[in-house]
Every structure is written in structure tokens, then in C-alpha cells.
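The values are calculated or read from the model by the stated rules, or taken from the named source; none is laboratory data. Keep in mind it's a predicted model, so treat the numbers as computed, not measured. With ideal geometry, Cβ positions are generated from the backbone for all residues, glycine too; neighbour counts draw on all protein chains shown. Each accessible area value is taken on the protein alone, full model and side chains, heavy atoms only, with ligands, DNA and RNA left out. Shrake-Rupley method; radii C 1.70, N 1.55, O 1.52, S 1.80 Å.
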Amino acid sequence: MKSCWSAIATGIAWCLAWGEGREHQFDIGVLREMRRALNSAEEVPAQVREIVDRVQELLAIPEKISREEFPETITDLQNKYPNLWNQPGKIGLVYGGVTKVKQYVFEDAKLPDIRGASALLDRINLVDLPAFFDKRPESQRYNIYSPEIKSWLNKSFPREPKLSEALIPEMIVYSTGGNILAFCPAAFVDELADAIEKRYSYVTLTANSCAVGDTFKLLEIRFGLLRDPIEQTFWLDRYRQEYKNPVVEAYFGKLDKDSNEPVDPSCVEEAFANRKSFNELTTKLAVMFNQRRSGNDFKINQPRSGNDFKERPSRRYPPMLETHPYLQRDEADRRSAITRATDNPDNPNQKGLPGNPWFSEVSARKRKAGDRAKQGKIKETHWYTNKEWAADVIEGWVDKFEDFLENQNHLEKLQKYWGDNKLKDVEIAQSLTQLGSVSNGFVAYIYADGNNMGGYIQKITTPQEYQEFSKDVDNATRYAVFQALAEHLHPRQLKGNNKSESTLPDGAWIHPFEIITIGGDDIILIVPADRALAIAKTIGEQFEQILLRQVQIRGVEIKGDYQTQPSEKPIDLSKCHRYLSQNAGTANCQLSTSIGVLIADYKTPIYYAKKLYEQLLKSAKKRAKDLKKHGYCGGTVDFFVMKSVTAIASSIEDFRKEALTKESPQKLKLYAAPYTLHEIGGLIKSVKALKNADFPKSQLYQIRSFLEQGKQTTILNYRYFRTRLKQGKKELRQEFEEAWCKAKTNEGNVAPWMFDLKEGVYETIWRELLDIYDFIELEDSDFISEDLVEAEVES
């Protein structure tokens, strides 16, 4: 039972007290006094006491209702909660956010443009939209900026009473991951949705956004959509009889996965209770969101503001900027240029950008936001000034990372990252060239996404749970990344810096990473190639450990319970891990991450790299789904090393099937990806074992060439070369032969092969060991020890 009053409840009470009309039904002073009293646990004004009592009654309903207490029929529901159904007035609920994010962010190829596009979207979602509700931002950098948002809102929507007067911070359910879900008074639903879409267009001009909303009765917030008259609502008694109906299955989900076994009655009740909750309201808004995003028109059955009903304009006409074949275009060759970033001839102190690039209005905003100074300050530029569009403050991810290091009070971690460097001396990388220069010309793209998010959300029944879940996942994702970067990286020094592309001097110290985005459960990073797999592994592990409260972050409280339920039968770890399964810990978090890692030359076009690391993420997710059948619910990683841009003509999956799968005479897979997080750790140890053994590089590549000639030939040559080693044999046997390649029928091993009993194929990690060989260091060092070009010649 809920005994404490929540912020969400204050927002709901405000919406009910405001009423269904545009004019508030009580004096605004009464509403404000009610809000103050609720937030401070004091007595509320007498005029709104009945409304507060109804909301308190709603809060008293348990999040998980027992089988005995859940209303069996719709009549039981009416009789049990008559006050909640008969409570006059409806509450508005609005859902919106940015769409086609990658299309906008990766439209330009330069790193500052990508960084700027991502920063603009982050600021809208994390600062601008919450400012509509007068919510103060977490960062003090925006203290002056936030009031400007409210001023813009009042100017854009001047009708009295103003939209900003009807919104309070407690209405926000969540505003992370590029989306916002919030309550509002019923009459302001469409206006708030329009304001969300307009803000994205005002700031970015071309970023796609969408927002929708509807109104609901108080009882629907807890028990999902109810028909009016309520007697016509499809309820549990009917669901018991018709749950096998294909139409009902499509809505509530299929229960009888095995038709030979009867369905447990408790499963029927659980499926119905999970669906008939706040979850059903958000699902309806998600469907409306997809319809509007696709350009479809749809009408609400009833007006939301008395007789003042007006249909919203369609989204089927996206923003377009005209161009002309004979006009100068921007660097992306998409739109007409409006400015060129050259030096100011009248003021030698006003410098342009290297290469004097041309910018359209859209790209100029991205570049100005991306070329920000330290501590979130935007550099003044003479080549682009727009008084109507101000971007004076944009807090980037590097700023947040630096704040994390300063505020966590982990002196050891702080010192490990900074070393002898000082905060003010370390700059942000200005290009992929600079990120590549600190890792021998190679960078790694890390793309991570959460597993089982949808399945977990389906069991959320209240707005408070939604709010807690969103905040928990956002914190776990963000701080997992920060922890991994702090653990495995430190500032690196530029060498051979191309001054035609940079304003930083040769020898400058930079942060060797770029956080493209951290939103909800999505992560896109660019990191040095020689730390990529270790960073990916740590992100996956830290994400789960933070959610399980095994890792404490200062100022962060995880409120949800993400522990998995004990399994009825023990999990066979040998079916989940191919590397020392007996040493693997049991993954016991309901949520995890799948990660795609692409290691590539820094010259690889970023749009091409994006297609590949998205394929790797998809492959890792498929592996996680397959392993879940064996009880594994942890993270997975798929990676690919591409040392030349033309290495893959189609997709990674096709490349592996056609080039790395053989049928002579047994089926052989010359790769073993994707991997579990435990296996990634083993892969790194195996590479170190090869290096400690001082295995001649020519012999390593020779064994790789034998893989295609069959199992016996490869085993024979591997054993021959291994016996000739003068050192490291024991470690190699422990970390490679016995760890990965043990035979299934005896105590021997089939190194360098592994046998997959389920698929009946032999697979090997040898090829992938050599792919990452030059990117794994025995000691912590700034640079890769071997020349990659030389390695390729020897192969």
C-alpha cells in the first residue's frame, strides 16, 4: 500500500482542481496553496479537500493487486471504487518527442556538427521541455537560460490564461531518452502538444518531432481505458472466456505457448492486470504518436474544452528549405548556404574555422553548438549571429563527465583519469582525425541498447512506477558510461595534428572520446580502438550493478527492484558461456545491455560506420534473446574490426555466412561472435596470453590461414607451433586451450576450435583474437605497441 504522497499525485490533483475548462474553476491562489501544502505535508484548502481525498484514494490502490482483491467484473470495479469513477472532470496526458533522430544527427559528417546536433536535441529534451513546467534544470549552468524558455512559451502561445500558468513540475512523468510524458489540465492537451513540436522546429529547423495527447478519467489512471458507459468495458470475467480469441490475443498477448498444457488461471489474471493499468493509457498514446508521425489524420471523439474544439494541423508536410542549382550550398551539399566561417578582415581577433566552410542556417546552428567552449559556454562567432536564436549555454557530455569526476569524491578514480593533467588544460576533440591520432589512426564506435525494456514496461501499472523506472534506467546508463570511461581512459596528447583542420596546437591534451548520445537506454560513443572492448564490457557490467545497487553513485538513488526471481531449476552456465563457464557469475538483473562495437580507420565515412555498428547491435541482441532461453539475462557484445573501408561489400551477417563459414567436410565457423560479457573478458585475457607467450606474429597469421583447410590441419599446426614456444606455455594453455577449447567427450582439447553441441558446428575465436591483437595492451599505455600496417604485411 502506498502511504506517502508523491510528486505525481500533486500533479494529478492540480489537473483535477484546475478543471476541464481553460479557466481554472478555483482561484489560482487556492491552487498554489494546495500545491504548497501537498509538497510540505500540510493541510490543504477546504475548497479542494474532496479532490485531494479522491487522489489519495487512487494512491491507496496497491501497485500489484492480489488475485482476491482484483475486481472480477466491471460491476465489482464500480462498487469498489465509486468515487474514482464518478469524480467529475478528466485529466490530460501528453506524450511527445523527437523522431528520426539519427537522420538529423548524422546528416553531416564532421564531428562538431554531429556533436552539436546531439547537444541541441539533448537540451530541448532535458532542459527546454521541462522548463515549460517551470522545472529547474539539474545543472546550474542553465539557471539564466531557463526563464527565457518560459518567456518564449508565453510569446508563442499568448492566449489567456497562458499555458505556462497551467503547468507545474509535478506533472512530468519523465523527460528522458528523447521523449516526454506529462499530465496537464484537459483543456491544454493540444496546446501543450503543439508547443513541444514547435520547440523542436524553432531550435533545430529540420529535426522531426511529434506530440499527441488525450484526456482520461481518474479511475483510468490505475485501471486502463474504460468505456462510457462503463458497463460496456471488456473486463476480466469476459477475458477468462475469450483469451484464446485471436483478436483478444493480439491485444492482451498470447498465453498458451504450448497448446498441450492448460493455462494457469493466475497467468490469465496477471496478463489482464498488466494490460489494464496505466500501461494501457501510454500504449494508446504511443499508437496515436505513430499515426501522427506517419502523417495520418485522426480525430478525437469529443472536444477537450467545451465547445472550443479545433482539429490539430497535420504533420504530413515536413519542414523544407528551398535551394537552387546555381546557389552555394553548405558542406553537406543539402541546403543553400547563408554564411561562410572566414576570418573577419576588419577584426584580426575574430577568426573563422579551418578550411573556411560554408554553412546553411541548419548546419550553422549545429556547428555553433558543437564548437562550444569549456564548461558549456558557446563561443561568440562573427560568421553566424542570430538574435532570434540564442544558444548561449549548452552543457555537453564532456562537461557532465568532468562534473562526475569532480563530484564523486573517488580520489583514486579522479587521479587515474586526470594523471598529471589539470581540468583547464584538457580540450575537447575537434575531429575524428584527432580521436584517431591518439590511437594509431583507428577509432571504435560503441552502440549499446537495453534488453528486456519492453517486457519490463508492460508490467508497470502506475505513473509513479513509470517515473522511477525512467529515472533509474537513465542514471544506470549515464553513470555506467562515465564509470567505464574513467576506468579505462585518460587524456591523450595530439601528435602530428593537421592544423588545416584544427585550431588546437600540436601536443595539446584532449579527452580521447566522444559521447554522441546517452538517452534512456541508448548509448553511442566514439573511443580509442585500444580500449574499446574493455569499455564495452565495463558499461554492460556497470549498468546491471548500478540497477542492483551493487555500485553506489553519489547523489543517485535506485528506487526500482530489478532483481530476477529465483529459477525453479538451476541454470546451466555451460550453455551460456564458452569461456570457463564455471567461473562466470550468474546474471541476476532483469535488465541488461546489448552492445555493438566497430573498430575502424578514422577515415571511414561515419554514415557507413553507423550502418555497420547498427548491424552489430542487432546481432548482439539476437544472441541475448537466444541465451535467454537457457536462463541467461546478462549483456552481450558483438564486434568487428575493419582495417580497410572496402572490407565489406554487403552486410556483416552476409560476410560471415559467405566468407567465414565453410562446409568441408564438417561445418566450420571461422568466427565466434557475438559474446557474453564474461566471454569478452576471456577474449581479452586470451590475447594477453598470446602476447606473454611471445607467439611469433608470422605463425599467428599462418595458423589463421590454415583455418579454411579444415579442423585437423589447423589443430596439427597449432600444436606444432605451440610446442616450439620458449615461454608462456602454461598461461596459454590455461587462458586459451583449457578455457575455450576443451573437448566435449574427453579431457583433451581441440584448440584452436570449439564445438557447438546445439548447432553441431566447429567455431573458433582465433580469427577474432588476431583482429584485436594489436588493440590489446599488456600494460596501461598511451599508444599501441605494434604498427598495424606492419601487422597486415606480415599476414
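Brief remarks on what is shown
- Relative pair counts by distance (%), Cα atoms of segment 726-781, 5 Å bins: 4, 16, 21, 24, 17, 9, 6, 2, 0
- Length gained when the stretch residue 225-residue 720 is fully extended (0.36 nm per residue, less Cα-Cα span): 171.1 nm
- Residues 65, 221, ordered by accessible area of protein heavy atoms at a 1.4 angstrom probe radius and largest first, appear as 65, 221.
- Antiparallel DSSP beta bridges within the chain, as percent of all bridges there, nearest 5: 85 percent
- Taking a point 7 Å from the Cα of residue 694 along the Cα-to-Cβ direction, the residues of segment 724-740 with backbone N closer than 12 Å to it are 725-729.
- Inter-centroid distance (Cα atoms) of segment 417-485 relative to segment 315-354, Å: 32 Å
- Local charge for residue 281 was computed over the other residues whose Cβ lies under 9 Å away, with Lys and Arg +1 and Asp and Glu -1, and equals -2.
- Per residue, the convex hull around the alpha carbon atoms of segment 670-756 comes to 100 Å³.
- Mean Cβ count within 10 Å, highest first, over the residues of peptides 531-540, 657-666, 79-88: 531-540, 79-88, 657-666
- Pairs of alpha carbons in segment 588-671 whose separation is greater than 17 Å (percent): 54 percent
- Accessible area (Å², per residue) of the chain, counting only protein heavy atoms and a probe of 1.4 Å: 45 Å²
- For segment 504-557, the Kirkwood hydrodynamic radius from C-alpha pairs, put into Stokes-Einstein at 10 °C and a viscosity of 1.306 mPa s, yields a diffusion coefficient of 118 µm² per second.
- Taking N as the residue count of segment 554-713, its C-alpha radius of gyration divided by 2.2 N^0.38 Å amounts to 1.22.
- Value of relative contact order over segment 431-570, rounded to a whole percent, pairs C-alpha under 8 Å and six or more apart: 35 percent
- Principal axis dimensions, largest first and in whole angstrom, of segment 22-125 by Cα: 62, 42, 27
- With all pairs of different C-alpha atoms in the average, the Kirkwood value for the hydrodynamic radius of segment 191-238 is 13.7 Å.
- 5 angstrom amide H check on residue 517, placed H, neighbours 5+ away: 524
- Projected over all directions and averaged, the alpha-carbon convex hull of segment 408-550 occupies 10.0 nm².
- Alpha carbon centroid spacing (whole Å) that separates segment 65-138 from segment 619-636: 29 Å
- Close Lys pairs in segment 675-737 (alpha-carbon distance under 23 Å; sequence gap of 8 or more, or different chains): 16.
- Cα pair distances of segment 132-188 binned at 10 Å [whole percent]: 21, 51, 27, 1
- Using θ = phi - 60° in the Karplus curve 6.51 cos²θ - 1.76 cosθ + 1.60, the 3J(HN,Hα) couplings for segment 511-520 round to 5, x, 9, 9, 8, 6, 7, 10, x, x Hz; x is entered for Gly and Pro.
- Relative contact order for the chain, counting Cα pairs under 8 Å that sit 6 or more residues apart, in percent: 10 percent
- log₁₀ of I(q)/I(0) at q = 0.17, 0.18, 0.22 Å⁻¹ - segment 60-173, Debye sum with one point per alpha carbon: -0.95, -1.00, -1.24
- Long-range HN-HN contacts of residue 339 with modeled amide H, under 5 Å: 359
- Mean Cβ neighbour count within 10 Å, used as a protection proxy, ranking 141-148, 477-484 highest first: 477-484, 141-148
- Separation of the residue 626 and residue 240 label points, Cα + 7 Å toward Cβ, nm: 4.3 nm
- From the coordinates shown, percent of Cα pairs over 49 Å apart corresponds to which of [x] 19; [y] 26; [z] 36: [y]
- Distance distribution note for segment 154-298: the fraction of Cα pairs above 21 angstrom is 56%.
- Listed values for segment 238-250 are Karplus-derived 3J(HN,Hα) couplings in whole Hz (6.51 cos²θ - 1.76 cosθ + 1.60, θ = phi - 60°), namely 6, 5, 4, 7, 10, 5, 8, 5, x, 5, 5, 4, 5, and x replaces Gly and Pro.
- Under 26 Å from residue 424, Cα to Cα: lysines that are on another chain or at least 8 residues apart: 110, 351, 366, 368, 374, 377, 379, 400, 413, 416, 495, 499
- Semi-axis lengths, Å, segment 337-473, gyration tensor of Cα atoms, sqrt of 5 times eigenvalues: 36, 24, 17
- The string of couplings for segment 320-327 from the Karplus curve (6.51, -1.76, 1.60, θ = phi - 60°) is 9, 10, 5, 9, 8, x, 9, 9 Hz, one whole number per residue in order, with x for Gly and Pro.
- P(r), alpha carbons of segment 428-486 - 5 Å bins starting at zero, rounded %: 4, 14, 16, 17, 14, 10, 9, 7, 7, 3, 0
- Size check on segment 472-629: the Cα extents along the three principal axes, sorted descending, read 64, 36, 27 Å.
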